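Structure, as structure tokens:
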Amino acid sequence: MHQIRFIMIGGFLGAGKTTTLARLARHYTEQGLRVGIVTNDQAADLVDTNLLRSQGFDVGEVAGACFCCSFDDLMTTVSGLGQDRRPDVILAEPVGSCTDLVATVIQPIRQLFDAEFRIAPYSVILKPSHGRRILSGGRRAGFSPKAAYIFTKQLEEADLILLNRMDELTAEQADELMALLRQRITETPVLKISARTGSGFSELVEWLDRQGDFGRRLLDIDYDVYAEGEAELGWLNTSLQLRPAQPADLDAFLLDLVERLRRRLAEQSLETAHLKAIGLQDGFFGVANLVSSDSPAELSLPSGCRVDAADIIVNARVACDPAELEELVTEAIRTAAGRIGAEVVFRGTQSFRPGRPEPTHRITELS
């Protein structure tokens, strides 16, 4: 029977999961393999889904809850990918605020669908900016101990830890991060990569192709702490249409919008876990995002086009009240649009705190 290689890449919000999955998808496609991608979010209108589809990938989205709480939806979505030709590889990107995924996703797949899937090593990405602050236990970590609890539990259940954005660190900074990591996680293999440049990806592909009994690190999770840590994050997805009076530079608008938000959040000492905006128009797309609260916004994927209309989606995950976050995002959108004389038509906004995780399945003993 043809088995699908199931590759799930986890990691905290903003770690670089989507960029990593896109690079892996291109690699496997170039090898002649059929690839399906499943994204995941607590709400609809996910930037990452639109970004991956814009690059030509076959993408399904599980929205409204994490994989663990929507396990049946995950499997239905996987089944719907490549209906004409069964995929060889499924790349799955879980919500960045989730943990306990070995017990609630990997092991249920292994025990309920063992004949259909081969489980790859479960890899978790660590972003240096969050990693240094949270792992050092400093008061200026930006997240509460309960949110940091999720971050460390994600690392504890990994078969492989990926230190991302190594192209931006000096050798000394990389060694410091590794030392901090080894104080918490002593035995798990660690691979240094750059999702942006592709450094370390040949080694990552070799890891993911390994045969073995992976996804066996079952954790002792305090679901009260886990739920409270997730609930401390304000969650916002908003979609709108931008209608400039004259053709406007899409990339400049996206970058201005995210930078305005960065400054406003920094003024109020609100830590950003994830902030990303995508603009789409007639096959063109651009993406601006915030990597860290202490670094400027960046244009991660330029569209290189001027537009007289564009669809804009903004996703923000910030340690603040959702109503406050919605007000800040709406203000930044209107200000950035006003700067180019553009009309804004909002199509939908969801802002909330994630609810308590209620897994469909939770395996507590290995078979």
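Coordinate-derived values only; no laboratory data. The structure displayed is predicted, hence computed values, not measured ones. Note that each Cβ is placed from the backbone with ideal geometry, even for glycine, and that neighbours are counted across all protein chains shown.
One table, with the values for the structure above:
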read-out: Amide H contacts of F117 (H built 1.01 Å from N, under 5 Å, at least 5 apart or other chain); value: I4
read-out: Karplus (6.51, -1.76, 1.60) ³J(HN,Hα), θ = phi - 60°, over region 232-247, in Hz, Gly and Pro reported as x; value: 6, 9, x, 10, 9, 10, 9, 10, 7, 10, 9, 10, x, 5, 10, x
read-out: Two-site label geometry, E176 and R347: point separation in nm, points 7 Å out along Cα→Cβ; value: 4.3
read-out: Relative contact order (%) - criterion: Cα under 8 Å, at least six apart; region: region 223-367; value: 41
read-out: Vicinal HN-Hα couplings computed from phi for region 116-121 (Karplus, 6.51 cos²θ - 1.76 cosθ + 1.60; Hz; Gly/Pro x); value: 8, 10, 10, 8, 7, x
read-out: Counting all C-alpha pairs of region 135-200, share separated by more than 13 Å (%); value: 68
read-out: Amide H partners (placed H, <5 Å) of Q42, local residues excluded; value: G64
read-out: Helix-only [θ]222 nm of the chain, DSSP H runs n ≥ 4, -39500 (n - 2.57) each, per residue, nearest 500; value: -10500 deg cm²/dmol
read-out: Kirkwood Rh, angstrom, region 245-367 [1 / mean 1/r, Cα pairs]; value: 15.8
read-out: √(5λ) per eigenvalue of the Cα gyration tensor, region 29-71, largest first, Å; value: 22, 13, 5
read-out: Length added when fully stretched, E203-E187, from 0.36 nm per residue minus Cα-Cα; value: 3.9 nm
read-out: Fraction in percent of alpha-carbon pairs per bin - 20 Å, the chain; value: 30, 60, 10, 0
read-out: Residues listed by number, region 250-265, amide nitrogen under 17 Å from E331 label point at 7 Å toward C-beta; value: 257-265
read-out: Volume per residue of the C-alpha convex hull in region 119-257, rounded to whole Å³; value: 181
read-out: Cβ-placed point charges (K, R +1; D, E -1), dipole of region 234-352 about Cα centre in debye, nearest 20; value: 120
read-out: Nitroxide proxy distance, nm - points 7 Å out along Cα→Cβ at S79 and S136; value: 5.0
read-out: Relative contact order for the chain, counting Cα pairs under 8 Å that sit 6 or more residues apart, in percent; value: 21
read-out: Cut-off under 5 Å, modelled amide H: who pairs with V291 long-range; value: E298
read-out: Scattering curve values for region 180-253, log₁₀ I(q)/I(0), Debye with Cα scatterers, q = 0.23, 0.24, 0.26 Å⁻¹; value: -1.13, -1.15, -1.18
read-out: Virtual spin-label span in nm between R86 and S295, 7 Å along Cα→Cβ; value: 4.2
read-out: Neighbour-limited loop hits for GluC sites (Glu not before Pro), region 206-239 (at most 12 other Cβ within 10 Å; DSSP other than H, G, I, E, B); value: none
read-out: In order through region 353-361: 3J(HN,Hα) via Karplus (6.51 cos²θ - 1.76 cosθ + 1.60), integer Hz, x for Gly, Pro; value: 9, x, x, 5, x, 10, x, 5, 10
read-out: Region 1-75 - percent relative contact order, Cα under 8 Å, separation 6 or more; value: 25
